[in-house]
Amino acid sequence: MTAPTPPAPALVRPFAVSVPDSEIEDLKQRLARTRWPDPETTGDWSQGVRVANARSLAGYWERGYDWRRLESGLNRFPQFLTAIDGRLSRTGRTTTPRSVSRFCTPTATWSSRPAGATCTRSS
């Protein structure tokens with residue numbers, strides 16, 4: 001009987017956010033075609049997000065948001081793709097001022113300002 005072959009190591013490869021112009025234009029067109037519901041019947045948020053707030057945000061994404069600036073900010077830090085449990089996963093790696101490497105999730109990179117700050121703060 002032969003020994004089982006150990007599984008191959010997970011392939012980790014560099015990744016950069018690169019959204020085609022056509023995808024951004026398609027998003028803007030879909031935002032412009034949004035069918036909005038009637039306004040709320042109450043003066044508070046008990047019925048959910050107020051239509052005026054949602055329209056304002058969608059309008060900003062359609063006409064004012066700098067999608068390329070976001071893409072550039074995300075790409076300031078190394079990012080990688082790998083398969084975990086059969087699913088493609090994106091992760092980033094940053095280095096703290098103390099030269100300690102840490103891995104962070106896309107959410108941490110996305111939600112921090114500047115990008116990657118959450119991953120580099122000492123805990």
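Read-outs: derived from the displayed coordinates by stated rules, not from any lab. Note that the structure is a prediction, hence the values are computed from the model and not measured. In this analysis, Cβ positions are derived from the backbone assuming ideal geometry, glycine residues included, and neighbour counts consider all displayed protein chains.
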* Structure fact -> Which residues qualify? For Glu40, with a placed amide H closer than 5 Å and at least 5 residues away or on another chain, they are Val51
* To do: Round to a whole angstrom and tell me the spacing of the C-alpha centers of the stretch 27-44 and the stretch 63-90.
  => 28
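Treating only the Cβ of Lys, Arg, Asp and Glu as charged (+1, +1, -1, -1), what charge dipole size does the stretch 46-87 show about its Cα centre? Round to the nearest 20 debye.
Numbers: 7 positive and 4 negative charges, 33 e Å.
For the stretch 46-87, the charge dipole is close to 160 debye.
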* Nonlocal amide H pairs with Phe15, under 5 Å, H built at 1.01 Å -> Gln79, Phe80, Leu81
